[in-house]
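*Asks:* The structure is given below, and queries will be raised subsequently.
The values are calculated or read from the model by the stated rules, or taken from the named source; none is laboratory data. The structure displayed is predicted, hence computed values, not measured ones. Here the Cβ is made from the backbone with ideal geometry for all residues, glycine too, and neighbour counts use every protein chain on show. Note: areas computed on protein heavy atoms with side chains; ligands, DNA, RNA excluded. Shrake-Rupley method; radii C 1.70, N 1.55, O 1.52, S 1.80 Å.
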Amino acid sequence: MLSATVGYASFTGPRPRNEDFCGLVTPEGAALETKGILAAVADGVGGQQGGREASEYTVRGLLADYYATPDTWSPPQALDTVLKAQNRWLMAQGAVRRELAGMATTLSAIVLRGSGYHTVHIGDSRIYLRRAGELRRLTTDHVWEHPDMQHVLKRAIGLDARLLLDHGGGELRAGDVFLLASDGVWNTLGDARIDAVLGQQAEPQAAATALAQSARDHGAQDDCTAVV
């Protein structure tokens with residue numbers, strides 16, 4: 001039987017408003033078997049209140065709508081369908097509400113179901129897997145490679161009518177540790193520090209808090225969010 005413990009933390013960076021949003025669902029019974037555990041991290045961008053609205057709407061919508069999809073759908077099919085609907089909504093809202101113009105969000109999410117895991121990703125938040133003492137990144141950052149544009153997203157939810165998501169997955173092993181992190185965490189700490197914190201903290205909540213707090217203590221220039 002699949003069993004997981006979870007923890008999360010999100011701290012506001014230098015700006016007055018936290019534009020990150022994270023969430024997770026740990027169902028029981030039939031929903032655990034058919035749908036699994038779902039966790040997500042999003043980092044919103046956009047003027048005025050648009051960034052926070054984009055990230056919160058996307059995560060809340062994903063967590064609710066994923067569990068309403070048919071049980072016959074695979075996790076990739078369900079995630080893809082739900083997020084394409086979220087993308088259409090974000091683009092429509094940005095077009096009709098001036099204060100939300102240009103809003104978009106990264107999204108990195110994972111489903112743990114049965115003996116496997118499934119990831120969906122767009123933007124520059126990240127998913128890591130720590131297994132048998134080794135840290136591995138499971139996602140690719142969707143940013144422009146030019147030195148002056150390394151933090152400019154080329155793919156995000158709400159950015160383009162044609163949504164192109166990265167899907168991944170693999171087999172679960174007992175003791176696997178997954179980290180979903182916004183760029184405020186991974187860009188500030190780097191993989192070596194992240195690995196050290198995950199190795200030192202046995203409890204997911206302590207690990208998530210330590211990662212977000214450490215990023216802030218090391219001068220993070222963005223909001224700091226971690227789900228473990």
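*Asks:* Quickly estimate the mean residue ellipticity at 222 nm for the chain, helices only: each DSSP H run with n ≥ 4 gives -39500 (n - 2.57), and the total goes over all residues, rounded to 500.
*Replies:* The helix-only estimate for the chain comes to -11000 deg cm²/dmol at 222 nm.
*Asks:* Quick check: Cα centre of region 141-183 to Cα centre of region 1-49, how many Å?
*Replies:* So the two Cα centres are separated by 15 Å.
*Asks:* With every protein chain present, what is the per residue accessible area of region 1-97 (1.4 Å probe, Å²)?
*Replies:* 48
*Asks:* Among [x] 46; [y] 31; [z] 22, only one was calculated for this model; which label is it, if the read-out is percent of Cα pairs over 29 Å apart?
*Replies:* Recomputing percent of Cα pairs over 29 Å apart here picks out [z].
*Asks:* Something else about it: For the chain, what's the relative contact order in percent, using C-alpha pairs closer than 8 Å and at least 6 residues apart?
*Replies:* 27
*Asks:* Arranged from highest to lowest average of other beta-carbon atoms within 10 Å per residue, in what order do the peptides 74-80, 96-102, 215-221 appear?
*Replies:* 74-80, 215-221, 96-102
*Asks:* Taking a probe of 1.4 angstrom, what is the accessible area of L180 in Å², to the nearest 10?
*Replies:* For L180, the solvent-accessible surface is approximately 0 Å².
*Asks:* What does the highest-first list of 136-147, 56-67, 190-201 look like by mean Cβ count within 10 Å?
*Replies:* Peptide ranking by packing, descending: 56-67, 190-201, 136-147.
*Asks:* At 1.4 Å probe size, with the rest of the protein present, what percent of the exposed accessible area of the chain is carbon and sulfur atoms?
*Replies:* Ligands and nucleic acids excluded, carbon and sulfur reach 50 percent.
*Asks:* Right, another one. How do 157-164, 203-210 rank on mean C-beta neighbours within 10 Å, highest first?
*Replies:* By packing density, highest mean first, the sequence is 203-210, 157-164.
*Asks:* OK, next. Taking all pairs of distinct Cα atoms, average 1/r, flip it, and tell me the Kirkwood hydrodynamic radius of region 124-228 in Å to one decimal place.
*Replies:* 14.7
*Asks:* Can you quote the Å³ per residue value for the convex hull of the Cα atoms in region 59-144, rounded to an integer?
*Replies:* Expressed per residue, the convex hull around the Cα atoms of region 59-144 is 116 Å³.
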